[in-house]
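The values are calculated or read from the model by the stated rules, or taken from the named source; none is laboratory data. Keep in mind that what you see is a predicted model, and the values were worked out from it rather than measured. Here the Cβ positions follow ideal geometry from the backbone for every residue, glycine too, while neighbour counts run over all protein chains shown.
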Amino acid sequence: MSLTDDEAQIDAKLRETDRSIAELQKQRQELLQAKRALTTGKTRTEAPQSPKPETTEKAVEKALNTLEWKAFKKKDGEWAFLRDMNGRLVEDLQGVTEFVDQLRKGRQIVVGKYRYSASDDKFLNRFIADDD
């Protein structure tokens, strides 16, 4: 085999590899679009048939109660860290990300006897729900 034959074979394999990569990228895009459509469809049209066990109010309340809450110095209420030193969601909140996402969007949510909110995307705040 000559050098040009080897080059031709390599070029053919490169073209084949490029086609495979292009096909895989196309499949990936289609899968991402399908996933997005499923996620969007659930939130826009119908509620899920049964609540996910991890996002029930009891599961959220349990996760929140495991945090180390500290009293504010100049006002009623308490605070806890939302993220660790590396910027990741604290471990106790990993299973209730939907709840955390709602708080991060500026919502205040009552769970149990507390009203929760997030501040600076670093802290959770809670106040007795009756204090409005």
field: The one condition in (1) surrounded by 13 or more Cβ atoms within 10 Å (Cβ to Cβ); (2) touching a strand residue (DSSP E or B) at 6+ places or on another chain (Cβ under 7 Å); (3) within 15 Å of Leu67 (Cβ to Cβ) that Ala129 fails to fulfil
entry: (3)
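For residues in region 101-126 being more than 15 Å from Lys70 (Cα to Cα) and in contact (Cβ under 8 Å) with a residue 24 or more places away in the chain, which is surrounded by the fewest Cβ atoms within 10 Å (Cβ to Cβ)?
Residues of region 101-126 that are more than 15 Å from Lys70 (Cα to Cα), as a first pass: 101-113, 115, 120-121.
The next check asks that each one be in contact (Cβ under 8 Å) with a residue 24 or more places away in the chain; those that pass are 111-112, 121.
On the way: Val111: 18, Gly112: 15, Asp121: 10.
Per the criteria, the residue is Asp121.
Would region 45-57 turn up any residue that is at pLDDT 75 or above and farther than 15 Å from Ser119 by Cβ? Don't jump to the end; show me each part of the working.
To start, the set of residues in region 45-57 that are at pLDDT 75 or above comprises 56-57.
With farther than 15 Å from Ser119 by Cβ added as a condition, the list becomes 56-57.
Looking through region 45-57, at least one residue is at pLDDT 75 or above and farther than 15 Å from Ser119 by Cβ.
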